[in-house]
Amino acid sequence: METLELKVGLEQDYRKEISGKLNFLLADFQIYYMNLRGLHWNVKGRRFFMLHEKFEELYNDTNEIVDEIAERILSLGEKPLHSFDDYLENKTIRITKNISDGDMAVRSILGNLNELLIQERDILEIASKNKDEGTGALMSDLISSQEKLIWMLTAYLS
Ligand SMILES: [Fe+2]
């Protein structure tokens with residue numbers, strides 16, 4: 001079967017460049033996902049039921065985001081990373097382990113979100129410069145929902 005070249009009106013060089021950045025972000029979201037599962041499993045204390053459930057909601061949301069980023073990369077004609085070794089090699093986010101204290105867990109999420117926001121803003125800026133509305137819109141959605149989550153988590157700690 002003939003291989004059709006993907007034509008979405010964006011230059012191939014640009015699509016490769018932005019997909020590379022999206023793959024770094026994908027790797028970090030996979031780490032963030034696993035961090036959240038660890039928090040869901042390890043959290044203890046008086047607020048167990050609330051936090052255990054909240055962390056589940058967050059990792060389920062993150063699972064959806066992972067898929068959206070990967071499918072954006074495919075829409076740009078590139079390949080999303082999909083193995084643990086690739087994720088570990090390309091991640092920049094902090095891996096968290098064995099956190100059982102609720103406040104520490106929430107603080108660790110805030111730390112991860114800040115790391116993710118830096119990359120998302122960087123990708124948004126490059127996408128805007130290159131009139132890549134699809135990638136830009138995805139980043140805008142991630143940024144605004146994470147900013148809202150940061151507000152809520154900060155309110156929880158206050
Ligand atoms: Fe569970």
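When the charge dipole of segment 12-157 is built from unit charges on Cβ atoms (+1 for Lys and Arg, -1 for Asp and Glu) and taken about the Cα centre, the candidate among Leu74, Asn60, Ser128 whose Cα reaches farthest toward its positive end is Asn60. Converting phi to 3J(HN,Hα) with the Karplus coefficients 6.51, -1.76 and 1.60 and the offset θ = phi - 60°, segment 23-38 yields 5, 4, 5, 4, 4, 5, 5, 5, 5, 4, 4, 5, 4, 5, 5, x Hz in sequence order, with x at every glycine or proline. Nearest 10 degrees is fine. How inclined is helix 133-157 to the longest principal axis of the chain, computing both from alpha carbons? Between helix and principal axis, roughly 10 degrees. Based on DSSP H segments of at least four residues, each scored -39500 (n - 2.57), the chain has a per-residue ellipticity at 222 nm of -26500 deg cm²/dmol. Taking 0.36 nm per residue of separation and subtracting the current Cα-Cα distance, fully stretching the chain between Glu133 and Lys79 would add 17.5 nm. The count of lysine pairs in segment 12-157 whose Cα atoms are under 19 Å apart, excluding pairs fewer than 8 places apart on the same chain, comes to 13.
This model, with +1 at the C-beta of Lys and Arg and -1 at the C-beta of Asp and Glu, gives segment 82-158 a dipole about its Cα centre of some 200 debye. Charges were assigned to the Cβ only: +1 to each Lys and Arg, -1 to each Asp and Glu. The resulting dipole of the chain about its Cα centre is roughly 700 debye. Qualifying GluC sites (Glu not before Pro) in segment 1-60, where qualification requires a DSSP coil assignment and no more than 14 other C-beta atoms within 10 Å, comprise Glu2, Glu5, Glu11. Rounded to two decimals, the Cα radius of gyration of segment 12-157 over 2.2 N^0.38 Å is 1.07.
Expressed as a whole percent, the accessible area of the chain that falls on carbon and sulfur atoms is 52 (1.4 Å probe). Restricting the trypsin sites (Lys or Arg not before Pro) of segment 3-59 to loop positions (DSSP other than H, G, I, E, B) with no more than 11 neighbouring Cβ atoms within 10 Å leaves Lys7, Arg46.
The values are calculated or read from the model by the stated rules, or taken from the named source; none is laboratory data. This structure is a prediction, so every number in the text was calculated from the model and none was measured. Note: ideal-geometry Cβ built from the backbone for every residue, glycine included; neighbour counts use all protein chains shown. SASA here: full protein model, heavy atoms, side chains in, ligands and nucleic acids out. Shrake-Rupley method; radii C 1.70, N 1.55, O 1.52, S 1.80 Å.
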